[in-house]
Amino acid sequence: MSARRPLSPALLVRVVLYLALFLVVALIGFSRIDVETLFRDEAALGPLALIDKAQLRSGRRLYEINCAQCHGTEARTDEPRRDLLQGPPDRAGFFKAVREGRPGMPAYDGLLAAQEIEDIFWYLEVTRAARER
């Protein structure tokens, strides 16, 4: 039988905080941005209309769990948090910000897979394009 290593206090605190945030978000509920509504006028979305709807649903779900508590359910907030519909940084900048964090924003490296970050990015891009039309 191998001895189990105890969880580091920092990891344990991080896990507990994320679980608490998830529970708060789940209990409060969301005003969901429906993926089908975003695609009502596919011509106005141009090439973004080609993005897989399942990927956008995944991006919406991941955004609601990981981002909405700070950036708002509609991805629009007042300062000091970034209004993500004002145009997220380019794809590389978005990945860097999510993985490494920013002042006041935790790093999600190791918590979100590359595909999950990608899903959130495209969900925000399509949401922004739909709002601009």
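Data overview
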| item | result |
| --- | --- |
| Gained length - Q55 relative to L111, 0.36 nm times residue gap less alpha-carbon distance | 18.3 nm |
| Fully extended contour minus Cα-Cα distance, from L7 to F95, at 0.36 nm per residue | 28.9 nm |
| Inter-label distance, nm, simple model (7 Å from Cα along the C-beta direction), R14/Q86 | 2.9 |
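No lab work stands behind these numbers, since they all come straight from the coordinates. The shown structure was predicted, so the numbers you read here are calculated from the model rather than taken from an experiment. All Cβ positions, glycine included, derive from the backbone under ideal geometry; neighbour counts span all protein chains shown.
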